[in-house]
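The values are calculated or read from the model by the stated rules, or taken from the named source; none is laboratory data. Bear in mind that the values here come from a model prediction, so they are computed numbers and not experimental data. Neighbour counts run over all protein chains shown; Cβ positions are idealised from the backbone, glycine included. Areas reflect the complete protein model, heavy atoms only, side chains present, ligands, DNA and RNA absent. Shrake-Rupley method; radii C 1.70, N 1.55, O 1.52, S 1.80 Å.
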Protein chains: 2
Amino acid sequence: MNYRLDIEYDGTRYEGWQRQKRTENTIQGKIEEVLSRMIGEEIEIDGAGRTDAGVHARGQVAHVHMDTEKTCQEICSYLNHYLPEDIEIRNVTQVDERFHSRLLAKEKTYQYRIGTGEHKNVFERKYLYPLHEELCGDRMREAAEKLEGTHDFKSFCTNKKMKKSTVRTIYEIKIEEYPGEITITFTGNGFLYNMVRILTGTLIEVGRGERDPKEMEAILLAKDRTRAGFTAPARGLTLLNIKY
Amino acid sequence: MNYRLDIEYDGTRYEGWQRQKRTENTIQGKIEEVLSRMIGEEIEIDGAGRTDAGVHARGQVAHVHMDTEKTCQEICSYLNHYLPEDIEIRNVTQVDERFHSRLLAKEKTYQYRIGTGEHKNVFERKYLYPLHEELCGDRMREAAEKLEGTHDFKSFCTNKKMKKSTVRTIYEIKIEEYPGEITITFTGNGFLYNMVRILTGTLIEVGRGERDPKEMEAILLAKDRTRAGFTAPARGLTLLNIKY
C-alpha cells in the first residue's frame, strides 16, 4: 500500500530533510527509524522537498510503500508518539499506488522571513533571518517581477555539477511588509538547490540599494552563480505547501 | 540615575528570572553581567516578576540605579548586542529616582497557553503546555469567576513558610478557546509563588470534569495547598504585562 504523509517540522536541530550516510540526524532518517520499528523491517520514504539543514516545513509531503494492518489514524498516532517534539505528522492518507511525492509535485511554495527592525524577535528568532536593516519593498517587488516566469535559473543555483535542466517556472514572488519584518513567498513548479535562498539574498541586496532591480535579466542570462547575490541563511526559510 | 528596563525573554534555557548563588544561568544574572561590564562596576537590577525556570516574558520590567554618560538608546543597544538571542531589552527609559519596578507594580498580567488538540504545535511547542485533551471552557469559566476578587490564596501557593500576607486580588481570569488551544489570562495586583500555575492546574482539572466549579470556594477557605489542583508546567506561562 502507498501512504502519503503530511509533515511539519522545526528544522533548527537537523541536518536537513534527506537521509545521509554520515549522520542520522535528518528528518527523513527520524521518520524512517520510527516507521521501520513499527513495521519490523527497513522502510524508506521519499520526500517532495529536500530542505537544507536548518530549513523548516509546514507542508512537507512524503510517500511510503508499506504493508500494515494499522489504520491511517493509527499510523499517524504511532509516528507522533515516537517522533521528537519538533517533527509532527499532520496527516496520513492512503493514496494511489502511482502517487509519488516528489515526481508528481506540480507546485511548491516556500516562504522566507526577514527581520528588518531592531527588534530581536525573541519568540520567532529561529524562524526568521535577523537582518536588522530597513529594506525597500518597492525595489524588491520590481526585481521580483523580473524573476517571475520561466527562466534558466543556473545563476541562482549552488550545484556546479548540475547536469539536469536548470529551467524552472516561478509563478509568483510575493513581497509583504509588516512592522519589523519582510516576508517573501515563492511559488513555482520546482526550485534548484539553494535557489530560494540565493533569490532571497539577491532581493535583499536590491532592497538595500546595492543592486538595481533591472540587473535581474542580466543575472539570469549570465547563467553564472557569481553574478547573483549571497545565499540567505537557512533559518528564515520554511517550505509552506506542495500541490499535486 | 534610575532606569527602567522593559524586557522580553524566552525562559526555556534559564533557571528563572532571579539571580541565584548556585547558578549564573538566570535572566537577571545575564543582564547584570552585561550592565556591570558596561559600567565597570558591579550592578544590581530589580525585576517586577520573579518568573520561575522555563517561564517566558513579553513585558517584564526591571529598574537599575547607575551612573553613565550613555543615552537610553545607547544603553539599550549595548545590552542587546551582548545579551543572548533569547533575551531582548525592548526599551530603556530614565525614570524618577523613587521608581521601583516590584514595589510599585499595581497590576500584573500572566497568560497560560494549553494545547488541547492532538496537534503537537511544532513551532509553538516551547510556549504552550501540550495537554492534548479536550477541556470544557464553560466549566473553566464558571470556576474562574469564583476565583476572581480578593481572597486569601494560601491554597494556591507552594511556599509553606510564607509569613507575609497571602491575600491577593485577581481582577480578571479570561478563558479563550481557539482551535486546539485554550488560553487563560490572569490579571491581578500580584501573585504568590507558583500561584498562576496552581490556579491553571486546578482550572484544567475542572475543565476535564474531575472537579466541580463550585469547589473553588471550599478550596480558598481551606487555606491548604493539598486541596487545590496540580502545578501546571512552566513552559505554558508568559508574563505579559505590568502596570504602574
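Name the single residue, out of those in the range A:133-147 being outside any helix (DSSP H, G or I) and surrounded by 15 or more Cβ atoms within 10 Å (Cβ to Cβ), that is farthest from the other protein chains (Cβ to nearest Cβ).
Once the filter is applied, the top-ranked residue is A:136.
Among the residues of the range B:95-109, are any touching a residue at least 60 places away in the same chain (Cβ under 8 Å), surrounded by 19 or more Cβ atoms within 10 Å (Cβ to Cβ) and within 14 Å of another protein chain (Cβ to nearest Cβ)?
There is no residue in the range B:95-109 that is touching a residue at least 60 places away in the same chain (Cβ under 8 Å), surrounded by 19 or more Cβ atoms within 10 Å (Cβ to Cβ) and within 14 Å of another protein chain (Cβ to nearest Cβ).
Does residue B:122 qualify as being more than 14 Å from chain A (Cβ to nearest Cβ), out of contact with any helix residue (DSSP H, G or I) (no Cβ under 7 Å at 6 or more places or on another chain) and aliphatic (A, V, I, L, M)?
No, not satisfied.
Yes or no, residue by residue, for (1) open to solvent by less than 30 Å² (accessible area, probe 1.4 Å); (2) within 25 Å of residue A:128 (Cβ to Cβ):
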site	(1), (2)
A:27	yes, yes
A:36	yes, no
A:46	no, no
A:57	yes, yes
A:72	no, no
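Residue A:67: closer than 26 Å to residue A:244 by Cα, buried (at least 16 other Cβ atoms within 10 Å of the Cβ) and not small (Gly, Ala, Ser), yes or no?
So residue A:67 does not fit the description; no.
Is there a residue in the range A:223-244 that is touching a strand residue (DSSP E or B) at 6+ places or on another chain (Cβ under 9 Å), open to solvent by 40 Å² or more (accessible area, probe 1.4 Å), in a strand (DSSP E or B) and among the polar types (S, T, N, Q)?
So far as the range A:223-244 goes, yes, one or more of its residues are touching a strand residue (DSSP E or B) at 6+ places or on another chain (Cβ under 9 Å), open to solvent by 40 Å² or more (accessible area, probe 1.4 Å), in a strand (DSSP E or B) and among the polar types (S, T, N, Q).
Quick check: anything in the range B:114-132 open to solvent by less than 10 Å² (accessible area, probe 1.4 Å) and either assigned to a helix (DSSP H, G or I) or more than 15 Å from residue B:180 (Cβ to Cβ) (or both)?
Taking every residue of the range B:114-132 in turn, none turns out to be open to solvent by less than 10 Å² (accessible area, probe 1.4 Å) and either assigned to a helix (DSSP H, G or I) or more than 15 Å from residue B:180 (Cβ to Cβ) (or both).
Looking at the range B:164-213, which of its residues are open to solvent by 30 Å² or more (accessible area, probe 1.4 Å), assigned to a loop (DSSP other than H, G, I, E, B) and under 25 Å from residue B:242 (Cβ atoms)?
Hits for the range B:164-213 are B:164, B:165, B:189, B:191, B:193.
Please tell me if residue B:89 is within 14 Å of another protein chain (Cβ to nearest Cβ), of a type in the set (Val, Ile, Thr) and assigned to a helix (DSSP H, G or I).
no
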